[in-house]
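One structure is given here, and the rest of the page talks about it.
The values are calculated or read from the model by the stated rules, or taken from the named source; none is laboratory data. All of these numbers come straight from a predicted model, not from anything done at the bench. Here the Cβ is made from the backbone with ideal geometry for all residues, glycine too, and neighbour counts use every protein chain on show. SASA here: full protein model, heavy atoms, side chains in, ligands and nucleic acids out. Shrake-Rupley method; radii C 1.70, N 1.55, O 1.52, S 1.80 Å.
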Amino acid sequence: MAPQVLKNYIDGEWEESKSKEMLDVRNPATAEVIAKVPLSTTDEVDRVVQAAREAFQGWRETTPYTRARYMFELKNQMEERFEDLAAVIVKEHGKIIDEARGEVRRSIENVEVAAGIPSLMTGYNLEDVSHGIDEDCVYQPVGVFCCVTPFNFPLMVPLWFMPYAIACGNTYIVKPSEICPVSQMVLFELLDEIDLPPGVVNMINGDKRVVDALLENPDVDGLSFVGSTPVGKYLYAKAAAHGKRAQCQAGAKNCLVVMPDAVLTQSVPAIMSSVFGTAGQRCLAGALVVAVGDVYEPLEEMLVEAASNLNVGDGMDETIHMGPVVTQRSLDRIRGYIEKGIEEGATLLLDGRDVQVKDYPDGYFIGPTIFTDVTPGMAIAREEIFGPVMGIVRVDDFDQALEVIHGSPYGNAASLFTTSGKWAREFEYRVQAGNLGINIGIAAPIASFPFSGMKDSFFGDLHGQGRDAIEFFTDRKVVITRWF
Amino acid sequence: MELATFGAIMTFALELEQRAAVFYEEAAHGSLQEPFSDLAKMAHKRAKRIERTRREGIAEMILEPITGMNGEDYLVELVPGRDEIERLSQAIRLAETSIRFYQDAAEKIPVKEVARTCQRMATESEKQKAELLRLQV
């Protein structure tokens, strides 16, 4: 059977793209083509923006209570299709089914939080700011927003933004990842099912040309982006040049600091999950384990043993702990980094390059890989590998550990494993990273908190999720009143 | 089958409840009609609870291997025949297996909410076993 050609969703209708250019979407476990994604034309971008713009006025006049009810309906639809959504994520991304279920759960949580919009969007006022004069601050929707999202959480990341945007009364355009666009198609089937007014939510497939056209269109008011640092920087600058607001979540190189007093039996599983979960393709993934003092030897031994026990294979198999990486290109890049690490003098303790997965000869598999004797100057310590590769760095004390963290241009996440409240407090106070974990491997903010980030990991001021999202997707209007 | 992940344990639990529901439905006749119909209804309810727990409990990603649980240790033959005593014996073995399975799962799964659900399932199975033993007398 020929793979499905994905459609755009414009103005409440599914539409075939007029574009002749298509990319293959592959199942990373088998390399089989599961869909074809069109690279839509700029004319189609103009139409999708026009549809969103025309829908805006009617939608902003819809009461927040009604908008919230759509969120409840979307949540219900997602719960109903929970397992289907998870399976689609596994097939297009490769992560294991439990991780995909986790992604669906986190996606739904954002819809649930956005359903609180009648409370979240309430303004504030103060009487008698001067004699007989009152002042009100009103939250109002802005207009048309769009998001450009990555392959690694193809269902969830658009939902860091879209539910809040439309609950606030804006209209929305999603440009899914061209590597993993299928789960957004399924999400839009559910959005179609809840019967939002035409043009409130729209989806357009494509590549950089679509993104540029969105940003150059004067009817688009803002952009949310999650992806790499070079692209994030480019889009942030371009959005500013075109007078749009933007929030651009970018790359990472996250450190997991392990103090001598850490409880290793509990810390090691958390580190495993952080580094090797989703085959290391998370912007919150731990990449460098910074072992402080004499914790180094026992920690190294336990990490290698635990990583050796992880089964690699097709994510749909529930006995598997780690799936493939997303594309052949990713696989080649990760292998390249492993070779570079060896060349730079790091010691390869566990080599995932030779992993064999029975019955999956074409899959993009790579096993857990661990380097030790890693120094901060090495490429494997500085650059984002985005794969299941752990580097272990040895330092003498806490201050040196912070130097390793701060030597990176990134500031996405960092974690500390300790039993000391003093070190935990110091870590929280001093570390320049947006998402911190204390005895937590993946410091992933829940939907009602902002997904933070600093330095080259985030461009903008307001983040996705939570109250930040409400601020991002609204204007504050101040009304000063006096009655004669 | 090694139950080495959260998903594998929850899927096994779901299948156990679904098999239990089918067994009780088919075995609900004669003097066991009423109690087994109730147990079938309960098994459906428990299956839904497991599905919900799988959906809810997964928010805390669990990657580390879970060791020491094998599906083979919790297999129970369910062939609802005509003999009432045999049907009752199978139901008791099913309840005993469920108790053991859910107690083991509660110990292995490091997410409190999920462990609590497993414990609740085990407690319910204990009550079911007591009720079935009473019917045996």
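Okay, here's what the table says:
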{"item": "Rough spin-label spacing in nm, given labels placed 7 Å along Cα→Cβ, for A:E61 and A:M1", "result": "4.5 nm"}
{"item": "Label-point gap, in nm, between A:D461 and A:R333 - each point 7 angstrom along Cα→Cβ", "result": "3.2 nm"}
{"item": "Over chain A: helical MRE at 222 nm, DSSP H runs n ≥ 4 each giving -39500 (n - 2.57), nearest 500", "result": "-11500 deg cm²/dmol"}
{"item": "Cβ neighbours within 10 Å from other chains - mean over A:312-319", "result": "3"}
{"item": "Folded to 0 to 90 degrees: helix A:64-80 orientation relative to chain A principal axis, Cα", "result": "40 degrees"}
{"item": "Within straight-line cross-link reach of A:K233, lysines at Cα separation under 27 Å, skipping those fewer than 8 residues along the same chain", "result": "A:K175, A:K208, A:K244, A:K253, A:K340, A:K455"}
{"item": "Structure-based [θ]222 nm, chain B - -39500 (n - 2.57) summed over DSSP H runs of at least 4, per residue, nearest 500", "result": "-25000 deg cm²/dmol"}
{"item": "Shielding by partners - mean other protein chain Cβ count within 10 Å, residues of A:347-355", "result": "0"}
{"item": "Antiparallel DSSP beta bridges within the range A:254-438, as percent of all bridges there, nearest 5", "result": "10 percent"}
{"item": "Probe 1.4 Å, all protein chains present, accessible-area order of A:E471, B:E72, largest first", "result": "B:E72, A:E471"}
{"item": "Efficiency of FRET between A:A240 and B:V22 - r from beta-carbon atoms, R0 56 angstrom, step 0.05", "result": "0.35"}
{"item": "Rounded FRET efficiency, nearest 0.05, which uses the C-beta distance separating A:D128 from A:N311 and R0 of 60 Å", "result": "0.30"}
{"item": "Rounded to 10°, Cα long-axis angle of helix A:229-241 versus longest principal axis of chain A", "result": "20 degrees"}
{"item": "Inter-label distance for A:E426 and A:D46, nm, one decimal - labels placed 7 Å from Cα along Cα-to-Cβ", "result": "6.1 nm"}
{"item": "Over the range A:254-438, relative contact order from alpha-carbon pairs under 8 Å, at least 6 apart, %", "result": "29 percent"}
{"item": "Dimensionless Rg over Rh [the protein assembly as shown; C-alpha; Kirkwood]", "result": "1.01"}
{"item": "Efficiency of FRET between B:R134 and B:E56 - r from beta-carbon atoms, R0 35 angstrom, step 0.05", "result": "0.55"}
{"item": "Alpha-carbon Rg with Dmax, taken over the range A:303-424, Å", "result": "16.1, 51"}
{"item": "Residue (of A:A413, A:G243, A:S308) at the positive-pole extreme of chain A, dipole from beta-carbon charges", "result": "A:G243"}
{"item": "Contact order normalised by residue count of chain A, Cα under 8 Å, 6+ apart, percent", "result": "19 percent"}
{"item": "Reachable lysines, given that their alpha-carbon falls under 19 Å from the alpha-carbon of B:K45 and they are not under 8 places away in the same chain", "result": "B:K127, B:K129"}
{"item": "Residues listed by number, the range A:146-173, amide nitrogen under 17 Å from A:E193 label point at 7 Å toward C-beta", "result": "A:155-156"}
{"item": "Cα long-axis angle, helix A:42-60 against chain A (0 to 90 degrees, to the nearest 10)", "result": "60 degrees"}
{"item": "Top of B:E126, B:E25, B:E77 by mean-square fluctuation, Gaussian network on chain B, Cα under 10 Å", "result": "B:E77"}
